[in-house]
Every structure is written in structure tokens, then in C-alpha cells.
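Asks: Sharing a structure, written as C-alpha cells. Questions coming.
The values are calculated or read from the model by the stated rules, or taken from the named source; none is laboratory data. Keep in mind the model is a prediction, meaning the values are calculated, not measured. Don't worry about glycine lacking a Cβ; one is built from the backbone with ideal geometry, like all the others, and counts go over all protein chains shown.
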Amino acid sequence: MLTQAAQNMARHPGPLGVSFRRLAKRKCWNVAVCATARKLVTIAWLMLKNNEPYRYASPTTTQQKLTRLRVAVTGQQRKAEHKGRRPGVKNGQNPPTRQVPSLNKVCEQEALPPAHGFEQLPAGEQRILRTLGVIEYVQEIQSERRVPRTRRSRKKTPQ
């Protein structure tokens, strides 16, 4: 199971994914998987020891997983914060969007300790993030933003 998680790191935009791809270029795939699995174990141990969330997790997937876990444990769903409707789309203006919360807001909603921002990280970790070129990703997950809502294609009924 750990090697499967490490193989999924190949597509992750965060620092673990970047280091996996860099290592896979120089060594064979299996070596990169094994090294990333070892990193995952170390990170998991440090997260449990220090009672911290993973600070490079995607906020949307983290929110979905924590929501499913909360509903499975307590059986309670959260009430909507805002009631009412958004103004409709008119002539291409005001296209449908969805809000992506920051990782800190997701942790706060689920009563978890907040993740550290880039400025609060140790100097060595900041240097590594600069070297890997993932500062934009770190700042992106630490801020709330709106993204275009994907349109689902409707299946055409045969006539």
C-alpha cells in the first residue's frame, strides 16, 4: 500500500511529487518509488509526533476526505454558510465558479491544527522549496481562490 501511495506521488504537484520526478529521471522508477515511500513514512511519523497536518496537501481533496470521515463517524453534515442563489449566467457574463478554500480554513473547519504558512517554515525547508520550484504551489494552497466550475457533458438520448 505504501508503494502505491509513492507511485501516486508521480502526479502530485507538491514538493514530494517534484522530488519523485527528479529522482525518477536519474534512477530507475523502482528506486524512486522506494525512496518516496521511505519519505512518506518519515513524514507520517513526524506528523503524528508533532500533531500537524500535511502542509502540502491539496485543500479540495483534503476537505472531501475529512468530510466523508466526519459524516461516517458522527453522521452529521455541516449546514450551508450562505443561503440564497448566485446571479445567473447571462450572455457569458458571470460564469459559474467554485471557491477553493485554503488549507488552513479546511483544517479549521474540521477542528485540526492549522498548517504553517511559507513564512513560518524553517529556513532549510524554505530553501528546499525554492530549489524544487514549488513556492507558487505552496502559496496557492495557503490562499482562498475561485476557479471555473467544470461543465459536465450531458449524455444525449438516442432518438
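Asks: Which of the residues that make up segment 131-149 are in contact (Cβ under 8 Å) with a residue 24 or more places away in the chain and among the polar types (S, T, N, Q)?
Replies: Result: Q142, S143.
Asks: Going by the conditions given, is R152 modelled with pLDDT of 90 or more and exposed (fewer than 13 other Cβ atoms within 10 Å of the Cβ)?
Replies: Answer is no for this residue.
Asks: Same structure again: Quickly run through segment 42-64 and pick out the residues that are assigned to a helix (DSSP H, G or I) and loosely packed, with under 13 Cβ neighbours inside 10 Å. Lay out the reasoning, then the answer.
Replies: Applying the first criterion (assigned to a helix (DSSP H, G or I)) to segment 42-64 yields 42-50, 59-64.
Hits for segment 42-64 are T42, W45, L46, L48, K49, N50, T61, Q64.
Asks: A further question on this structure: With the condition kept exactly as written, say whether any residue in segment 84-98 is charged (D, E, K, R) and at pLDDT 90 or above.
Replies: Checking segment 84-98: not a single residue is charged (D, E, K, R) and at pLDDT 90 or above.
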